[in-house]
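What follows draws every value from the coordinates through simple rules; no lab data is involved. Here the structure is a predicted model, which means the values were calculated and not measured. Here Cβ is always computed from backbone atoms with ideal geometry, including for glycine, and neighbour counts include all displayed protein chains.
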Amino acid sequence: MTNLRIPGPTPCPPEVLEAMAGQMVNHRGPEFAELLYRVTEGLRRFFQTTNDVLILTTSGTGAMEAMVVNALSPGDRVLVVTTGAFGVRFAQIAETYGARVSRLEVPWGQAADPEAVQAALAADPAIKAVLLTHSETSTGVTNDLEALAAVCRQFGVLTVVDGISSLGAIPLPVDEWGLDFVATASQKGWMVPPGLAMVAVSDRGWQAYQQATMPRFYFDLGKAKSFLEKGQTPWTPAVSVFYALDVALQLMEQEGREAIYERHRRVGEAARAGVKGLGLTLFADEGHASNTVTAVNVPQGIDGSVLVKHLRTQHGVVLAGGQGPLAGKIFRIGHLGLVTEPDIDATLAALERALAEVAASAGGVRT
Ligand SMILES: *Cc1c(COP(=O)(O)O)cnc(C)c1O
């Protein structure tokens, strides 16, 4: 069996997969309404919010787009804090819909500095919203969202957060941190196949929604909210993935939110210690290294793509390469959702052998 260790899609427990094999139901009937209410309540406990949580049939990027078009109007000034590929994507979405975007570009591998955000907001009082990435999956950095959000609150700007690879795996208490829009997606920490994304919206977020004039139709969160009130979604939902999410949330409740966070902390630490024990170096600033994905510098003399391919074909371990400018420079070990220390041990053991095997073969030598 392959050991799928990428930062999404993540492996799913068998019970979750089995839940997807059930017969269809009427998505405008009572069975689906009950399922939708139950799953929404389950999500709110993990978001730690009393805000609305809306479930969209889309990927994580769809939820990012939904947050942008429901919060903003063309011409709005927006600060996007970019710490990697997903921060850049957030900026591109906002620009696509006509926001006037200022980028606070943080070198990849480092975390955003709350003081720099403070300075950027102080310098431009016209900024209406700050777009933030919690865990930057492309670099293996988890930003200090609590501190960043506190700065945003001082300035009274909206916080729009990509929590796609963090929610459900590491602490992200939406209400305590005062976040206005927060998104995640089923295939990351939730141990569910791709297909659903979830967005929490605060009261301030809904006030912004009332004013926002960016074009929206499929992703109109107001429609999602009014349909949720009658136990439906505006459009046909990915019914099978809802059943999977229902089972996954039950498993997560059984383990307990704090126990899940603690497991990710242990697994993250084990991954980083193990990688360093093999003589490799971490790409991310270790003070902000993520407990959901570990980015590793490809060592000198090894071709990163050859290493990743060798791990897959010879050892059944599937890792992720680097994105954008990091292609070939790093590889990433995903450890979110269904993951325990033995999974990391197995990954590291395979990595150790693969490094030796690739280094020994001419094909792995970089010229
Ligand atoms: C995976 C991911 C996304 C994109 O999600 P898709 O489901 O691939 O659209 C966005 N942001 C972060 C931080 C992610 O990890």
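Structural remarks
- Approximate spin-label separation Ala259-Trp235, in nm, with each point projected 7 Å along Cα-to-Cβ: 3.8
- Helical mean residue ellipticity (222 nm; -39500 (n - 2.57) per DSSP H run of 4+; nearest 500) of the chain: -13500 deg cm²/dmol
- Rg over Rh for segment 119-194 works out to 1.01, both radii taken from alpha-carbon positions and Rh defined as the Kirkwood radius.
- Span from the segment 169-245 Cα centroid across to the segment 58-77 one, whole angstrom: 12
- Calculated SAXS-style log₁₀ I(q)/I(0) at q = 0.13, 0.19 Å⁻¹ - segment 104-163, Debye, Cα scatterers: -0.30, -0.64
- Using equal-weight Cα scatterers in the Debye expression, the normalised intensity of segment 183-249 in log10 at q = 0.19 Å⁻¹ is -0.87.
- Relative contact order (%) - criterion: Cα under 8 Å, at least six apart; region: the chain: 25
- Each label was represented as a point 7 Å from its Cα along the Cα-to-Cβ direction; for Ala360 and Tyr218 these points are 5.0 nm apart.
- Computed lengthening from Ala123 to Glu341, 0.36 nm per intervening residue step minus Cα-Cα distance: 73.9 nm
- Note on Gln210 and Glu176: the model spin-label points, each 7 Å out from Cα along the C-beta direction, lie 3.0 nm apart.
- Over segment 242-307, the Kirkwood radius and the radius of gyration, each from Cα atoms, give a ratio Rg/Rh of 1.14.
- Counting every pair of alpha carbons in segment 71-152, the share spaced more than 16 Å apart comes to 46 percent.
- Rounded tilt (10° steps) of 145-154 against the dominant C-alpha axis of the chain: 30
- Based on every Cα atom in segment 277-367, Rg and the maximum pairwise Cα distance Dmax equal 12.7, 38 Å.
- In this structure, Lys225 and Glu34 have a Cβ-Cβ separation that, at R0 = 25 Å, corresponds to a calculated FRET efficiency of about 0.85.
- Rounded to the nearest 0.05, the FRET efficiency derived from the C-beta distance between Ser305 and Arg100 at R0 = 56 Å is 0.90.
- Over segment 17-176: Rg over Rh, Cα atoms, Kirkwood Rh: 1.02
- Values of log10 I(q)/I(0), in the order q = 0.07 Å⁻¹, for the chain under a Debye, Cα-only, solvent-free model: -0.30
- Point-charge dipole on Cβ atoms (K/R +1, D/E -1) for the chain, about Cα centre, debye to 20: 740
- Nearby aspartates and glutamates by direct alpha-carbon distance to Lys128 (threshold 12 angstrom, same-chain neighbours under 8 apart not counted): Asp76
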